[in-house]
1. At R0 = 30 Å, how high is the FRET efficiency between ARG50 and LYS130 if r is their beta carbon distance? Nearest 0.05 is fine.
2. What length, rounded to one decimal in nm, is gained on full extension from GLN69 through to THR304, with 0.36 nm per residue of separation minus their alpha-carbon distance?
3. Give me the three principal axis extents of segment 199-238 from the C-alpha atoms, as integers in angstrom, largest value leading.
4. Report the calculated FRET efficiency for ALA333 and ASP186 (r = Cβ-Cβ distance, R0 = 60 Å), to the nearest 0.05.
5. Using alpha-carbon pairs under 8 Å, 6+ residues apart, how would you state the relative contact order of segment 2-231 in percent?
6. Taking 0.36 nm per residue of sequence separation and subtracting the Cα-Cα distance, how much length would be gained by fully extending the chain between ASP422 and ASP289, in nm to one decimal?
7. Note down, for segment 2-231, the three equivalent ellipsoid semi-axes (square root of 5 times each alpha carbon gyration tensor eigenvalue), biggest first, whole angstrom.
8. Taking H as built 1.01 Å from N, whose amide H comes closer than 5 Å to the amide H of VAL104, not counting residues under 5 places away?
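Every number in this text was worked out from the coordinates using simple rules, so none of it is lab data. Source: prediction; values computed, not measured. When we count neighbours, we look across all protein chains shown, and the Cβ atoms used for this are built from the backbone with ideal geometry, even at glycine.
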Amino acid sequence: MATRRAGASGDMDLEALMAFGKRLDKRVGSWSYREVLAESLLRIRNKQGRLVKLMANPAQKEFELKCGQKNIVLKARQMGISTWVAARFFLSTITRPGTLTVQVAHTQEAAEEIFRLVHRFVENLPRDLKHGALRRSRSNRRQLVFPALDSEYRVETAGDANAGRGLTIQNLHCSEVARWGANAADVLASLRAAVPPEGEVVLESTPNGMGGCFYREWQRANETGYVQHFFPWWMDAGYRIKNDGDLAVLSDDERRLMKTFGLDAEQIAFRRQIKNNFGERAAEEFAEDPTTCFRASGSAVFDTAKIEARLQALEAPLESRENGRILIWLPPAKGRAYLMGVDAAGGGAGGDYACVQVIDQASGLQCAELYGHYTPEELAAQAARLGREYNDALMVVERNNHGHAVLAMLEQVEQYEPLYRDRRFAGWVTTVLTRPTMLERFGAMLVTNPELFQSRRLLEECRTFVRREDGRSAAAEGSHDDAIMAMAMALAVRDGVCLE
């Protein structure tokens with residue numbers, strides 16, 4: 001393998017470049033041909049400002065190993081992923097004829113910095129290659145054209161709503177997507193429409209709050225077919241400081257990190273320093289896990305410390321059905337009474353979820369949960385089946401919106417009798433008066449009795465339930481609150497909250 005690395009930087013004509021282009025994705029042992037070519041041809045400035053070979057660091061190597069056709073990268077700051085993706089796509093551009101690479105940055109300054117990086121790749125190529133097969137016909141502030149290959153590398157900014165329109169893009173790199181601004185979704189849609197099915201896409205960013213385009217893309221990655229890559233700060237070997245001897249007493253969190261991820265004393269000392277310097281933003285700037293790094297875009301409604309502690313203590317459900325859409329923690333017991341909160345949805349795959357929460361009436365303990373995209377007819381059938389299983393549980397169905405259809409199916413088709421009713425009609429109505437009360441009661445239960453709640457889905461929703469600028473409490477942009485509302489309804493009826 002060493003011979004291949006050395007030989008790559010010698011005289012190389014167009015035919016040799018194209019031969020490398022066909023093998024870029026091939027691996028030999030722990031190396032890919034792309035890594036070999038990068039080390040042989042490309043130069044970067046390191047953090048000390050010296051011009052050095054581009055040798056993949058641990059995060060870059062892991063990305064290269066797991067990279068798919070469509071990728072989304074969540075990372076701590078300065079992990080080198082933008083540099084590696086730029087190099088990855090640059091090598092494709094100069095070895096595969098007819099390639100258009102477009103790299104999109106969040107600001108003008110960032111675009112210029114990326115272009116300096118790519119321009120440095122070109123300027124430090126071997127002289128015979130730079131003035132031969134890779135002679136450029138045009139080079140401006142954001143564009144490199146290689147006429148012998150009919151290939152081009154462009155750098156753009158996310159401020160252009162028409163980005164990508166009229167182009168066919170083989171490689172698309174969208175950098176710092178979480179900071180693209182209010183029209184991010186429209187820009188991203190325009191760019192992705194320009195990528196053919198065989199093209200490659202990388203969306204990468206440090207986190208920037210719960211909500212927004214990047215957060216939604218990360219949450220939906222399994223549905224959209226994107227490979228998720230997460231790179232915590234400790235993957236950078238430089239993120240450490242000399243231990244000054246004050247680590248005699250470790251917190252539970254520090255001990256967990258050292259045991260689980262093998263962090264040493266110098267990394268823990270660095271972690272303490274960044275927490276002192278960045279405060280609440282430390283979890284965002286120096287991400288440690290792909291959940292807590294997304295800070296809420298607004299004031300959290302529920303006690304986040306209690307939620308985090310409960311999430312750490314959760315145990316696996318006793319039973320999982322319907323590919324995880326129905327989870328059972330406590331099966332029905334003879335003679336026990338149960339309540340069910342039912343939050344309906346339209347049933348579309350891209351919209352809100354329908355949710356059913358089953359609780360023990362006497363204790364309030366969460367026993368089971370249904371959560372998924374169901375039509376009103378499907379939800380009524382599933383809820384009736386679950387209700388009968390739990391000793392004909394009293395079912396509390398929100399009759400706002402799609403709830404009317406669910407109630408009709410329960411009464412007329414399923415003939416389910418134990419339905420919660422107000423003085424006139426079946427169902428619960430969520431209003432500007434009942435909503436705050438039911439949410440406050442649920443929040444109080446989270447604080448006083450967090451052990452009652454077993455569902456990770458429910459607690460994850462609680463994390464992203466925020467108080468917006470207009471004072472209204474709701475799920476952060478791109479998040480959901482269906483599990484919360486179903487649970488809050490069940491608890492409200494259990495506690496005797498009146499509709500009027």
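1. Values: r = 21 Å, r/R0 = 0.70.
Computed FRET efficiency for ARG50 and LYS130: 0.90.
2. Working: separation 235, 0.36 × 235 = 84.60 nm, distance 3.63 nm.
Extra length from GLN69 to THR304 when fully extended: 81.0 nm.
3. Projected onto its principal axes, the Cα set of segment 199-238 covers 34, 27, 15 Å.
4. 0.70
5. 24
6. Difference between extended and current length: 43.4 nm.
7. Result for segment 2-231: semi-axes of 28, 19, 17 Å.
8. Correct list: GLU156, HIS173, CYS174, SER175.
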